[in-house]
1. Would a scan of the stretch 213-230 turn up a residue that is closer than 16 Å to Val184 by Cβ and crowded, with 18+ Cβ neighbours inside 10 Å?
2. I'm trying to understand the selection: among the residues of the stretch 264-283, which are buried (at least 19 other Cβ atoms within 10 Å of the Cβ), away from the ligand (no atom under 16 Å from the Cβ) and of a type outside the set (Gly, Ala, Ser)?
3. Of the conditions (1) of a type outside the set (Phe, Trp, Tyr); (2) surrounded by fewer than 23 Cβ atoms within 10 Å (Cβ to Cβ); (3) closer than 21 Å to Tyr275 by Cβ, Pro157 clears all except one; give me its number.
4. I'm checking my understanding of the structure. Among residues of the stretch 287-297 that are hydrophobic (A, V, I, L, M, F, W, C) and assigned to a helix (DSSP H, G or I), which one is modelled with the highest pLDDT?
5. Can you pull out the residues in the stretch 132-142 that are within 13 Å of the ligand (Cβ to nearest atom) and buried (at least 23 other Cβ atoms within 10 Å of the Cβ)?
6. Sort out which residues of the stretch 298-326 are touching a residue at least 12 places away in the same chain (Cβ under 8 Å), part of a helix (DSSP H, G or I) and surrounded by fewer than 19 Cβ atoms within 10 Å (Cβ to Cβ), and write them in order of number.
7. In the stretch 67-77, which residues are surrounded by 19 or more Cβ atoms within 10 Å (Cβ to Cβ) and either among the charged types (D, E, K, R) or part of a loop (DSSP other than H, G, I, E, B) (or both)?
8. Could you give me the residue pairs with C-beta distances under 9 Å whose first residue belongs to the stretch 158-178 and is farther than 22 Å from Asp59 by Cβ, whose second residue is aromatic (Phe, Trp, Tyr) and assigned to a helix (DSSP H, G or I) wherever it lies, and which are 6+ apart or on separate chains?
Amino acid sequence: MGEFYQSTKNITNALSSSLIHDDEQPTSKTKSPTSSSPLSPQSSQYRYINGRQFHNLVDSVYPLPNDYQELDRISMQHFLYKAIWDGNFKAPIHRKLMAGDCKVLDVGCGPGPWVMEMAMTYPLSNFTGIDISPIQPRDIKPRNSKFYEMNILNDLPFKDGAFDFCHQRSMALCFTRAQYAEKVIPNLLRVTKQGGILEIMEVDLMFTNPGPLLKTMMSSYQDFLEKREIDLFPGIRIKEYLEKSEQLKDISQEIIDIPMGSDHGKLAELMAENYATASKAQIPLFAPFLKMSNEELENIIDQIYKVEVNEYNTSVRAYRYYGTKI
Ligand SMILES: C[S@@+](CC[C@H](N)C(=O)[O-])C[C@H]1O[C@@H](n2cnc3c(N)ncnc32)[C@H](O)[C@@H]1O
């Protein structure tokens with residue numbers, strides 16, 4: 001079992017005084033992640049390739065697994081993003097969160113590290129995490145947090161303007177270009193309250209200063225993603241979507257180039273490690289696409305993230321946007 005899951009047990013006692021609010025409950029019957037979990041798989045819900053467990057949903061292009069190995073990677077990535085951005089969000093919402101009764105939605109919450117941390121930091125506000133996979137915390141979670149199994153590509157069962165703050169992070173691989181523009185952004189905007197804030201963070205799927213191995217790999221990965229109609233540079237596109245919606249004012253953009261590799265400090269070393277883990281998690285789908293053996297691809301990934309990223313000063317560009325709903 002992942003370390004993150006074990007450590008969550010320690011926080012339960014500290015949370016007993018938190019409040020429960022129910023006014024941002026979904027309007028129709030929705031699954032809370034109680035009926036199944038990655039530990040109790042129901043075969044039709046998942047598919048298994050080379051020992052990794054993937055979701056089994058036809059309308060989703062998401063190529064990463066949803067097993068414990070992946071949940072640990074997402075949890076580690078949460079702490080890396082928090083350190084890189086010097087916090088869990090950039091929007092000017094701290095005071096409102098402190099004052100209480102601020103309703104917050106996190107879309108694609110994964111195993112819930114962002115929601116859990118935010119709920120503990122702001123015990124008077126209320127946090128809802130949704131994810132397409134039943135990988136969210138079930139029993140051990142702050143009292144002011146809720147989790148539901150939901151697909152952002154469907155109509156969300158929340159009322160218009162149900163949330164004061166909607167947050168979505170690192171979902172570039174989850175949607176086709178058209179899904180992002182035509183489903184995700186409108187759904188997020190609909191459930192954001194007038195005067196509320198929408199914040200999105202995305203990382204480009206292509207690197208800056210790639211070495212020769214990474215360049216070759218990126219070219220094939222580009223073909224792999226384009227077959228799925230996934231945007232390679234979602235960061236810059238989100239700005240267009242938000243501006244075009246004409247439903248947000250005061251849109252702010254922040255950009256960070258994240259360095260990779262042990263030569264650039266601990267954070268960059270862990271970032272490269274996390275990318276290597278994410279790349280390996282896609283081997284069951286990507287190796288057959290490349291007509292390569294799993295071992296061969298694994299060796300190339302190690303070479304790229306342990307050696308080459310250092311030699312070529314490789315980095316990746318991350319974007320953060322937030323704006324106020326008109
Ligand atoms: C790369 S992880 C990011 C997790 C989290 N947002 C974070 O930054 O820590 C992407 C997450 O999105 C979820 N996901 C993929 N497609 C989704 C969809 N259509 N609706 C809701 N969640 C989705 C995946 O199950 C996965 O947990």
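1. yes
2. Result: Glu269, Ile283.
3. Tallying (1) of a type outside the set (Phe, Trp, Tyr); (2) surrounded by fewer than 23 Cβ atoms within 10 Å (Cβ to Cβ); (3) closer than 21 Å to Tyr275 by Cβ, Pro157 fails exactly one: (3).
4. Leu297
5. Scanning the stretch 132-142 gives Ser133, Pro134, Ile135, Gln136.
6. Going through the stretch 298-326, the residues touching a residue at least 12 places away in the same chain (Cβ under 8 Å) turn out to be 298, 300-306, 308-326.
Subsequent filtering for residues that are part of a helix (DSSP H, G or I) retains 298, 300-306, 308-311.
Within the stretch 298-326, Glu298, Ile300, Asp302, Gln303, Lys306, Glu311 qualify.
7. Passing the criteria: Asp67, Glu70, Arg73.
8. Partner pairs satisfying both residue conditions: His167/Trp114.
The values are calculated or read from the model by the stated rules, or taken from the named source; none is laboratory data. Predicted model, so just to flag it, every value in this text is computed and none were measured. Please note: Cβ atoms are built from the backbone with ideal geometry, for glycine as well, and neighbour counts cover all protein chains shown.
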